[in-house]
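Trainee: There's a structure below that I have some questions on.
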Amino acid sequence: MSKKILAIYYTQSGQLADIMTAFTAPLAHAGAAVETVQIKPVEDFKFPWTGSRFFSVMPDCVLGVPRPIEEPDFKQTKYDLVILGYQPWFLSPSIPCNALLHNQTFQQLVKDTPVITISEARNMWLNAWVRVRKMLKDLGATHVGNIALFDRHPNPISFITIFYWMLTGKKEKYLNIFPKPGVDAADIAGTAKFGQIVASRLAAGRWEGLQDELLAEKAVEIKYPLMFIEARAKPIFRAWAKIISSRKNQAPWIAAFKYYLFAALFLGAPILLTLDAIFLRPFSSRRIAKKKLSYLQVNY
Ligand SMILES: Cc1cc2nc3c(=O)[nH]c(=O)nc-3n(C[C@H](O)[C@H](O)[C@H](O)COP(=O)(O)O)c2cc1C
């Protein structure tokens, strides 16, 4: 009997749909029955965004407030493998992904079931990953693999290009000068090789060591400067989220957060990274290696 796979995700631009298609193609080719389901928020987030709507979701993302989704209609009650695609929003699991992880039907489905996570991000995905990994662990899922895709362009460049993309809906070269935003087409197509690895594991029914095999193919790469920035940003985002959500009139606070974010990225981050490169990083190689390893593992 063919193996049953559930591939579930949410997408606005279709980028994650392309990734899931490329990733699952070798599995379907190998004869598995791949059921693809999209998470549907009851009130969907309009795409493209306006600037104010974009920043207004920050508190709910960071504080992990789920919003209602339509009850997912799964064909099976048990799958041989669940593939969860997700994206970070404000260094946190996106609201639709968080809502799915709070959905009872999905919770029952992943219990004692092999799960592979695949994320697509601008480039800051570590905090969201730690939260998704923890939630899956708490649900009793057997987390066997993780793949993390991101935009490889320099941080300030992808910050500009993602706003162009998110606010216009066009995954195109801004002003014909900037690079195309998002995950590179070659990286999207390249997920097929991870799918191939998973296909042979599925056939053999042996998940042990899958993550190491994926890591050898660079399914996850950790960039130190981004890891450094995310670690500093995490408590600050939380503080902002708490302040904003406690206000009756949130608009001025959301605007203030927006200006903070621009200043932090273009001024704060380069200064902190320079200070770190001089005073801390040269003496912390073991601590950094340990931290990186913690992000590479599925069971930590
Ligand atoms: C509200 C919002 C917040 C985002 N925050 C982050 C973030 O913190 N880190 C990051 O790397 N990408 C971030 N992104 C980019 C997304 O993770 C994702 O790559 C992009 O939105 C494309 O996803 P799609 O398939 O849903 O269109 C954000 C996107 C949105 C819409």
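The values are calculated or read from the model by the stated rules, or taken from the named source; none is laboratory data. Quick caveat, the model's predicted, so the values are computed rather than measured. So basically every Cβ, Gly included, is an ideal-geometry build from the backbone, and we count neighbours across all protein chains shown.
Trainee: Select the helices (runs of 4 or more DSSP H) contained entirely in the range 114-220, then report the ones holding at least 1 residues which are over 17 Å from the mean Cα position of the chain (by Cα) and under 24 Å from residue 34 (Cβ atoms). Quick ask: steps written out before the conclusion?
Mentor: Numbers: elements: 126-138, 155-168, 185-204, 210-216.
The qualifying helices (runs of 4 or more DSSP H) are 185-204, 210-216.
Trainee: Next question, about the same structure. Starting from the range 49-71, keep only residues that are within 14 Å of residue 90 (Cα to Cα), then list their pairs with residues that are assigned to a loop (DSSP other than H, G, I, E, B) whose Cβ atoms are within a distance under 6 Å, requiring at least 6 positions of separation or different chains.
Mentor: Qualifying pairs under 6 Å: 58/90; 61/90; 62/90.
Trainee: If a residue must be surrounded by fewer than 22 Cβ atoms within 10 Å (Cβ to Cβ) and within 15 Å of the ligand (Cβ to nearest atom), how many such residues does the range 130-147 contain?
Mentor: Counting residues in the range 130-147 that are surrounded by fewer than 22 Cβ atoms within 10 Å (Cβ to Cβ) and within 15 Å of the ligand (Cβ to nearest atom) gives 2.
Trainee: For the range 244-274, give me the residue count where each residue is among the polar types (S, T, N, Q), surrounded by 15 or more Cβ atoms within 10 Å (Cβ to Cβ) and under 24 Å from residue 231 (Cβ atoms). Give the steps one after another, and end with the answer.
Mentor: Pass one, the range 244-274, residues among the polar types (S, T, N, Q): 245-246, 249-250, 274.
Retained after the next criterion (residues that are surrounded by 15 or more Cβ atoms within 10 Å (Cβ to Cβ)): 245, 250.
From what is left, the residues that are under 24 Å from residue 231 (Cβ atoms) are 245.
Number of matching residues: 1.
Trainee: Could you identify the single residue in 36, 21 that is modelled with pLDDT of 95 or more, at negative phi and not in a helix (DSSP H, G or I)?
Mentor: On the way: 21 fails: not in a helix (DSSP H, G or I).
When all the criteria are applied, what remains is 36.
Residue-wise test of (1) under 27 Å from residue 148 (Cα atoms); (2) part of a helix (DSSP H, G or I); (3) in contact with a Cys (Cβ under 9 Å, 6 or more places away or on another chain); (4) touching a residue at least 12 places away in the same chain (Cβ under 8 Å).
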| residue | (1), (2), (3), (4) |
| --- | --- |
| 254 | no, yes, no, yes |
| 271 | no, yes, no, no |
| 275 | no, yes, no, no |
| 288 | yes, yes, no, yes |
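Trainee: Can you tell me which residues in the range 275-300 are surrounded by 14 or more Cβ atoms within 10 Å (Cβ to Cβ) and not hydroxyl-bearing (Ser, Thr, Tyr)?
Mentor: Looking only at the range 275-300, we keep the residues that are surrounded by 14 or more Cβ atoms within 10 Å (Cβ to Cβ), and these are 276, 281, 288, 291-292, 295-298.
Correct list: 276, 281, 288, 291, 292, 296, 297, 298.
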